[in-house]
Amino acid sequence: MIRVLIAEDMHMIRGALVALLSLEEDMEVVAELDRGDAVVETALRVRPDVAVLDIDMPGLDGLSVAAQLHETLPDCRALVLTGLSQPGNLLRALKVHVRGFIVKDAPAGTLAAGVRRVAAGERVIDPELVAVALETGSSPLTAREGDVLRAADSGLPTEEIARTLALSPATVRNYLSNAISKVGGRNRIDTIRIAKDAGWI
């Protein structure tokens, strides 16, 4: 039996995923969660073979969860569910050892087949997502520019971003200016939107 943990914050979608995989004779759903920050602790307790993770969850996003799982429970392989709208996430996913990356609007049988292949040690990546990711390219932002944009996305003023990231306000303004220039945004808000749509932050 393939032991599966499912983490998805939308109740109806999570219920559908649990029902879908529970129909498979060779799979058992051993945990279902609605928060990313509860996954590792639960996984250590129930020992799943595959963790099916939504990319956007409260507490901790799916890619951060996958990175933590790889460190703390390397036998558990991560399969991430995403939308086509954020191709930059594919490159991040590969860096944190995600074994499967499937778009949410794929046919229902794709998930069960993907879980089986990931459990067997294969890598499963939606080809359409690969094509879009190659067109979009990797992020032009440095890690620190990404940190500043993420902080700015939460609505923090420059001084608060500086305090949070242990930077000076002038340095924060420089990072924001660089990010706007690299991404081609009209302003801070437009730059955040572009970066989020591409999956760069």
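Kindly identify region 86-170 as rounded, prolate or oblate by the Cα gyration tensor criterion: order the square roots of the eigenvalues as a ≥ b ≥ c, call it rounded if a/c is under 1.5, otherwise compare a/b with b/c, prolate if a/b is larger, else oblate. Taking the square roots of the gyration eigenvalues as a ≥ b ≥ c, region 86-170 is prolate. Rounded if a/c is under 1.5, else prolate if a/b beats b/c, else oblate: with a ≥ b ≥ c from the C-alpha gyration tensor eigenvalues square-rooted, which is region 52-111? In terms of gyration-tensor shape, prolate. Computed from the C-alpha gyration tensor, the three semi-axes of the ellipsoid equivalent to region 2-81 are 18, 15, 9 Å, from longest to shortest. The mean accessible area for residues of region 1-142, using a 1.4 Å probe and ignoring ligands and nucleic acids, is 48 Å² per residue. Cross-link partners of residue 95 among aspartates and glutamates, defined as those whose alpha carbon lies under 18 angstrom from its own and excluding same-chain residues fewer than eight positions apart: 54, 56, 61, 71, 75, 122, 126, 147.
The slack in the chain from residue 154 to residue 28, taken as 0.36 nm per residue of separation less the alpha-carbon distance, amounts to 41.6 nm. Basic side chains Lys and Arg get +1 at the Cβ, acidic Asp and Glu get -1 at the Cβ, and with that the dipole of region 135-201 about its Cα centre reaches some 100 debye. On a per residue basis, region 153-201 carries 57 Å² of accessible surface, using protein heavy atoms and a 1.4 Å probe.
Computed FRET efficiency, Cβ-Cβ of residue 130 and residue 12, R0 41 Å: what is it to the nearest 0.05? Given R0 = 41 Å and the Cβ-Cβ separation, E is 0.90.
Taking the longest Cα principal axis of the chain as reference, the axis of helix 11-22 is set at about 40 degrees. Annotation: peptides 49-55, 17-23, 38-44, ranked by per-residue average of other Cβ atoms within 10 Å with the highest first, follow the order 49-55, 38-44, 17-23. Distance between the pseudo-spin-label points of residue 138 and residue 41 (7 Å out from Cα toward the beta carbon): 3.6 nm.
Gap in Å between the Cα centre of region 105-175 and the Cα centre of region 1-57? Value for the Cα centre distance between the two parts: 22 Å.
Taken over the chain, the percentage of Cα pairs per 5 Å bin, counting from 0 up to the bin with the maximum distance, is 1, 8, 15, 18, 17, 14, 11, 8, 5, 2, 1, 0. Surface composition of region 106-201: carbon plus sulfur atoms contribute 54% of the solvent-accessible area (1.4 Å probe, protein chains only, all chains present). In the chain, Cα pairs under 8 Å separated by at least six residues give a relative contact order of 16 percent. Using Cβ point charges alone (K and R +1, D and E -1), the dipole size of region 1-147 about the Cα centre works out to roughly 340 debye.
The values are calculated or read from the model by the stated rules, or taken from the named source; none is laboratory data. Nothing here was measured: the structure is a model prediction, and the numbers come from that model. A quick note on method: Cβ atoms are made from the backbone with ideal geometry, for glycine too, and the neighbour counts reach across all protein chains shown. Just the protein is used for accessible areas: all its heavy atoms, side chains included, with ligands, DNA and RNA removed. Shrake-Rupley method; radii C 1.70, N 1.55, O 1.52, S 1.80 Å.
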